[in-house]
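Have a look at the structure below, then the notes.
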Amino acid sequence: MKVAIGSDHAGYALKEDIKKVLEGRNDTIVDVGTGSESSVDYPDFGIEVARLVSEGKAEKGILICGTGIGMSITANKVKGIRAALAFDLYTAVQSRKHLDANILVLGGRVTGKGLAEEIARTWLDTPFEGGRHQKRIDKISDWEKGHLSP
Ligand code: RB5
């Protein structure tokens, strides 16, 4: 699977850990940065990953900032993005099964390495259930068509 990944400085260390998980699964990684713990602005990286997913250049995305909230707000501004901030395995699984989330967001200052790695693995492996959930996602997409460009 082709996975785009990005973080700000507060998520950098966890991004490097999650990249090792992706390498272990033989996923193709598109790392948009950041490349160190020097202070940067999370929207620059959140928009980049969200655009790659929105434009079909990556199948899924993973974003990490300190809380995960800034990246969630950012990514969900981009058309076609359903970014889910997950703090545990239940929310990670439900975000795939019911919401077909295409970006996983993690909080680098909130979630420890071991749990975050397990969340990422589980999230990537959990399929969308479709059915009644598709209709609800379609309602979001329909609203986007009338309000977001392009
Ligand atoms: C950076 O200090 C911090 O504000 C950012 O990583 C994030 O937590 C925002 O949601």
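Might you let me know whether the stretch 107-117 holds any residue that is hydrophobic (A, V, I, L, M, F, W, C) and under 23 Å from Ser54 (Cβ atoms)?
Checking the stretch 107-117: not a single residue is hydrophobic (A, V, I, L, M, F, W, C) and under 23 Å from Ser54 (Cβ atoms).
For the subset of the stretch 50-75 comprising residues that are out of contact with any strand residue (DSSP E or B) (no Cβ under 8 Å at 6 or more places or on another chain) and outside any helix (DSSP H, G or I), which member is farthest from the ligand (Cβ to nearest atom)?
Among them, the one singled out is Gly56.
Does the stretch 91-99 contain at least one residue that is of a type in the set (A, V, I, L, M), out of contact with any Phe, Trp or Tyr (no Cβ under 9 Å at 6 or more places or on another chain) and surrounded by 21 or more Cβ atoms within 10 Å (Cβ to Cβ)?
no
Please list, ordered by first then second residue, the pairs with beta carbon atoms under 8 Å, 6 or more apart or interchain, first in the stretch 119-146 and surrounded by 11 or more Cβ atoms within 10 Å (Cβ to Cβ), second in a loop (DSSP other than H, G, I, E, B) and among the hydroxyl-bearing types (Ser, Thr, Tyr).
Listed pairs, sorted by first residue: Ile119/Thr111.
Taking the condition of being away from the ligand (no atom under 15 Å from the Cβ), touching a residue at least 12 places away in the same chain (Cβ under 8 Å) and either out of contact with any strand residue (DSSP E or B) (no Cβ under 9 Å at 6 or more places or on another chain) or not in a loop (DSSP other than H, G, I, E, B) (or both), how many residues in the stretch 26-49 meet it?
6
Being within 21 Å of Asp31 (Cα to Cα) and buried (at least 17 other Cβ atoms within 10 Å of the Cβ) is the filter here; which residues of the stretch 100-118 pass it?
Ala101, Asn102, Ile103, Leu104, Val105, Leu106, Gly107, Gly108, Thr111, Ala116, Glu117 - these are the residues of the stretch 100-118 that are within 21 Å of Asp31 (Cα to Cα) and buried (at least 17 other Cβ atoms within 10 Å of the Cβ).
Each reported figure results from applying straightforward, stated rules to the coordinates on display, with no laboratory input. All values reported here derive from a predicted model rather than from experimental measurement. As a convention, Cβ positions derive from the backbone with ideal geometry for all residues, glycine included, and neighbour counts pool all protein chains shown.
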